[in-house]
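Input: a single structure, listed below in structure tokens.
The values are calculated or read from the model by the stated rules, or taken from the named source; none is laboratory data. Remember, predicted model here, so these are calculated numbers, not experimental data. Cβ coordinates were reconstructed from backbone atoms using ideal geometry, including for glycine residues, and neighbour counts include every protein chain displayed. The area values use the complete protein model at the heavy-atom level, side chains included, leaving out ligands, DNA and RNA. Shrake-Rupley method; radii C 1.70, N 1.55, O 1.52, S 1.80 Å.
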Amino acid sequence: MTDQTPAAGTYVIDPSHTEVSFVARHAMVTKVRGYFRDLEGTITIADDFTASTATATMQTASVDTGSADRDGHLKSGDFFDVDSHPTITFTAKRVQNVDGSNFDLVGDLTIKGVTKEVSLQATYDGTAQDPFGNVRAGFTAITTVDREDWGLSWNAALETGGVLVSRKITLNLEVSAIKQA
């Protein structure tokens, strides 16, 4: 271990201090942000950092964009189809391109039963002991995906040209994970 990677062990994601969000262009002129409020996951840091793994599950019904109407549409069959596909999962397969505390986390993202490999540009933000004696590790990660790769293809044409919802979606993660004894 170096000070640029966390100590080996199993870390459980703390959902109350973790944020999984997405950003989409709306009407070609602005951005809409959304969050998955109900999530869980585990990060296993190996002695060889490149052999580390991670899993995460987000409940699709917990999508929150700040608009009840938009959230209802995202939960429908046009998008996440929460009744048939209640979760989105990510399973990391490998860590690569480690440069200090920066690395690529490559894994399988499954949405609506479709699994595609994605690469998250990630950073280990450090470790600290909280006031309750827990050792916490922080990570941030970002990637951009084409939502249509997962069958999220609903859209509406605009009179001025273009479409209502962008195909490219930016995914952002701010993760706090607690080391297990």
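Straight-line reach from K93: taking Cα to Cα under 21 Å and skipping same-chain neighbours fewer than 8 places apart, the lysines in range are K112, K116, K179. When the chain is treated as a GNM with alpha-carbon contacts under 10 Å, the residue of E148, E40, E159 showing the greatest mean-square fluctuation is E159. Using +1 at the C-beta of Lys and Arg and -1 at the C-beta of Asp and Glu, which of G138, S76, Q59 has the Cα lying farthest in the positive direction of the dipole of the chain? Towards the positive end, the residue furthest out is S76.
Given a 1.4 Å probe and the protein chains as shown, K179 ends up with an accessible area of around 70 Å². Ranking L171, L152, T110 by Cα position along the charge dipole of the chain, where only Lys, Arg, Asp and Glu carry charges on their C-beta atoms, puts L152 farthest toward the positive end. Return the carbon/sulfur percentage of the accessible area of segment 1-109, one whole number, probe 1.4 Å, all protein chains in place. The computed percentage sits at 47. Only the Cβ atoms of Lys and Arg (+1) and of Asp and Glu (-1) were treated as charged; on that basis the dipole of segment 103-150 about its Cα centre amounts to roughly 160 debye. Here the Gaussian network model covers the chain, with springs between Cα atoms less than 10 Å apart; of A141, A46, A68, A68 fluctuates the most. Rolling a 1.4 Å probe over the protein chains gives R136 an accessible area of about 50 Å². Residues in the chain average 52 Å² of solvent-accessible surface per residue, probe 1.4 Å, ligands and nucleic acids excluded.
A helix-only calculation puts the chain at -1000 deg cm²/dmol for mean residue ellipticity at 222 nm, using -39500 (n - 2.57) for each DSSP H run of at least four residues, averaged over all residues.
Derived scalar couplings between HN and Hα for segment 135-148 equal 8, 10, 10, x, 9, 10, 8, 8, 7, 10, 10, 9, 4, 5 Hz in order, rounded to whole Hz, by the Karplus curve 6.51 cos²θ - 1.76 cosθ + 1.60 (θ = phi - 60°), x for Gly and Pro. Dipole magnitude for the chain: about 280 debye, using +1 per Lys or Arg Cβ and -1 per Asp or Glu Cβ, origin at the Cα centre.
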